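Beneath this line is the structure, given in structure tokens, with notes to follow.
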Amino acid sequence: MLPKLLSCWNKLKAMCVKRSNCGGLKMTNIRILNDEEMQEAILLADRIFRDAEQVSMATGFPYLYATAYSQSFGIYEDNRLVGFNGLLPAVLRVGPAAINVLSLGSVCIDHEARGRGYASSMLDKVKEHVKQAGASLLLVTGTRSLYTRAACHLFGTVTRVLLDQPHAQSIAASQDSQPFHLRAMEPYEWLKLHAVARSRNVRYEQSVWDLAGLVKAEAYASCVKLTHQVLVAERDGRLAAFAVVAIPKGTLKSRRPPFAVEWAGDASAIASLLAYATINNNLPVLEVPVNWHENELLERFNSIPYTSEQNLGTVYMADIEQFVEEIRPYWLQHDAAVVGAQLNIRLANKDEDGGDEYELSMPHLPHLRLSGPQLTALLFTPHAQLNLPQDWAAALRPIVPIPLPSTSGLNYI
């Protein structure tokens, strides 16, 4: 009887919070927003994230604030929206594998409602929803303790290349740049751009409409008062590459240096385009965040100053067994005979404090247990220092780490 009473009390606490100003109870409700409620969310997000010089969040993130696409949650306090969690589905392509994910961003709580545990309550709801929605991973645009103590773990690495004028001039004058004709994109070339974008082995799944809409939306760029410019490289009359860069917008003072948003195509052509953008826009520096698996592009930039950093955000493994089956085609492509076919991973333990532990199993090897952060590093971070047993390290070497597309590109939320 006592456990049932405690369970009921915990549920009541999740629905009610104390009002600090009068000591009464204020009823709260967390739910997926409908069209009318989404308009309230837009007003709240604009108050929190925007100033008079910026477009509305609904303009910068049109898919996230459209109920036809998003599965975003709001928290209501006595019928007043006081919190928002933007949630959007996507499919990641990793070679032949298709990974179903949800992305979480634009998280905000009204200033007057902070300190009441709403952010944690909403995150709990989101995590419950992710698996029900058919996603194996939740990609979170955030690294705060709110997330890391709730089994959302840091993952991946990025090399942030600092492309300055001297190095841009050097690339432009190099033999590698000579075959390409560089220019601004024409507004009728979306099919050509999409064909190049689709050639990437690691990418977000994007339709022609998605690509055009996301370029126009300027999601991340709009947050830092920059604007998109789309450049293309032609070789023998055919599109060899494109690059989307975020550059200064008129007289607005940006909150960060210009940066490359997304690119695709021949590595030499991409490097030439980014140098072209730096020179033609007279940028002191163009930051280029290159994922660890983009080896050819990193080779083109090997003499340029850079910083190494963690990938943007964190990842929550909502259903590890589903993820294993989704990524298995990629594993089979790299190691069809043994590990790619035989490796299984299951959630072994999850405690109330957000700790998670996983068990890896494969024939002829003893079971291996890893914590959530350890497994996330093994799966997604190169050169992770895990001190695995020698036989396990040798077996896993052909299939990890797994490359993922940039979460700070066009699909940023």
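Could you tell me whether the stretch 136-153 includes any residue that is in contact (Cβ under 8 Å) with a residue 60 or more places away in the chain, surrounded by fewer than 18 Cβ atoms within 10 Å (Cβ to Cβ), under 22 Å from LEU44 (Cβ atoms) and in contact with a Cys (Cβ under 9 Å, 6 or more places away or on another chain)? Yes - at least one qualifying residue is present in the stretch 136-153. Here ALA45 passes the criteria (1) surrounded by 18 or more Cβ atoms within 10 Å (Cβ to Cβ); (2) within 26 Å of GLU205 (Cβ to Cβ); (3) modelled with pLDDT under 95 except the one numbered (3).
With respect to LEU162, determine if the residue is under 29 Å from the mean Cα position of the chain (by Cα) and either at positive phi or in a helix (DSSP H, G or I) (or both). So LEU162 does not fit the description; no. Only a single item in (1) of a type in the set (Gly, Ala, Ser); (2) in a helix (DSSP H, G or I); (3) surrounded by fewer than 23 Cβ atoms within 10 Å (Cβ to Cβ) is not met by ALA277, and it is number (3). Evaluated against (1) of a type in the set (Ser, Thr, Tyr); (2) part of a loop (DSSP other than H, G, I, E, B); (3) touching a Lys or Arg at 6+ places or on another chain (Cβ under 8 Å), THR143 falls short on exactly one condition, (3). Cβ separations smaller than 9 Å between residues 6+ apart or across chains give the following pairs from the stretch 115-131 residues that are assigned by TED's automatic domain parsing to the domain that holds LEU88 to residues that are buried (at least 20 other Cβ atoms within 10 Å of the Cβ) and assigned to a helix (DSSP H, G or I): LEU123/TYR147. Considering only the stretch 156-170, I want to know if a residue exists there that is closer than 17 Å to GLY372 by Cα and either in contact with a Pro (Cβ under 9 Å, 6 or more places away or on another chain) or small (Gly, Ala, Ser) (or both). Yes, that holds for at least one residue. Residues in the stretch 195-211 that are out of contact with any Lys or Arg (no Cβ under 9 Å at 6 or more places or on another chain) and buried (at least 17 other Cβ atoms within 10 Å of the Cβ) were compared, and the one that is nearest to GLY95 (Cα to Cα) is VAL196. Selection over the stretch 275-291 of residues that are farther than 13 Å from TYR306 by Cβ and of a type in the set (A, V, I, L, M, F, W, C) gives a count of 4. Please specify each residue of the stretch 309-318 satisfying the condition of being modelled with pLDDT of 95 or more and either surrounded by fewer than 18 Cβ atoms within 10 Å (Cβ to Cβ) or among the β-branched types (Val, Ile, Thr) (or both). Those that are modelled with pLDDT of 95 or more and either surrounded by fewer than 18 Cβ atoms within 10 Å (Cβ to Cβ) or among the β-branched types (Val, Ile, Thr) (or both): THR314, VAL315.
Looking across the stretch 363-413, the residues that are of a type in the set (Gly, Ala, Ser) and free of Cβ contacts under 8 Å to residues at least 60 places away in the same chain come down to SER371, ALA384, ALA393, ALA394, ALA395.
Take the residues in the stretch 78-98 that are under 20 Å from ARG116 (Cβ atoms), over 16 Å from the mean Cα position of the chain (by Cα) and modelled with pLDDT of 95 or more, then tell me which one is surrounded by the fewest Cβ atoms within 10 Å (Cβ to Cβ). Looking at residues that are under 20 Å from ARG116 (Cβ atoms), over 16 Å from the mean Cα position of the chain (by Cα) and modelled with pLDDT of 95 or more, I get ARG80.
Just one residue in the set GLU294, GLU321, GLU287 is without any contact (Cβ under 8 Å) to a residue 60 or more places away in the chain, closer than 22 Å to ASP176 by Cβ and acidic (Asp, Glu); that residue is GLU294.
Somewhere in the stretch 99-118, is a residue of a type outside the set (D, E, K, R), in a strand (DSSP E or B) and over 22 Å from ALA219 (Cα atoms)?
Yes: one or more hits.
Just to verify a result, which residue in the stretch 331-383, among those that are of a type in the set (Phe, Trp, Tyr) and in contact with a helix residue (DSSP H, G or I) (Cβ under 7 Å, 6 or more places away or on another chain), is nearest to SER136 (Cα to Cα)?
TYR358
Got at least one residue in the stretch 33-53 being part of a loop (DSSP other than H, G, I, E, B) and within 20 Å of VAL215 (Cα to Cα)?
The answer is yes, given that some residue of the stretch 33-53 is part of a loop (DSSP other than H, G, I, E, B) and within 20 Å of VAL215 (Cα to Cα).
Across the stretch 165-222, the number of residues qualifying as within 26 Å of the chain's Cα centre (by Cα), more than 27 Å from GLY237 (Cβ to Cβ), not aliphatic (A, V, I, L, M) and not in a strand (DSSP E or B) comes to 5.
For every residue, the table says whether it meets (1) loosely packed, with under 13 Cβ neighbours inside 10 Å; (2) among the hydrophobic types (A, V, I, L, M, F, W, C); (3) outside the structural domain of GLN206 (by TED's automatic domain parsing).
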residue	(1), (2), (3)
SER303	yes, no, no
ASP351	yes, no, yes
ASP356	no, no, yes
HIS364	yes, no, yes
LEU404	no, yes, yes
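The values are calculated or read from the model by the stated rules, or taken from the named source; none is laboratory data. Remember, it's a predicted structure, so these values are computed and weren't measured experimentally. FYI the Cβ positions are ideal-geometry reconstructions off the backbone, even for glycines, and counts take in every protein chain you see.
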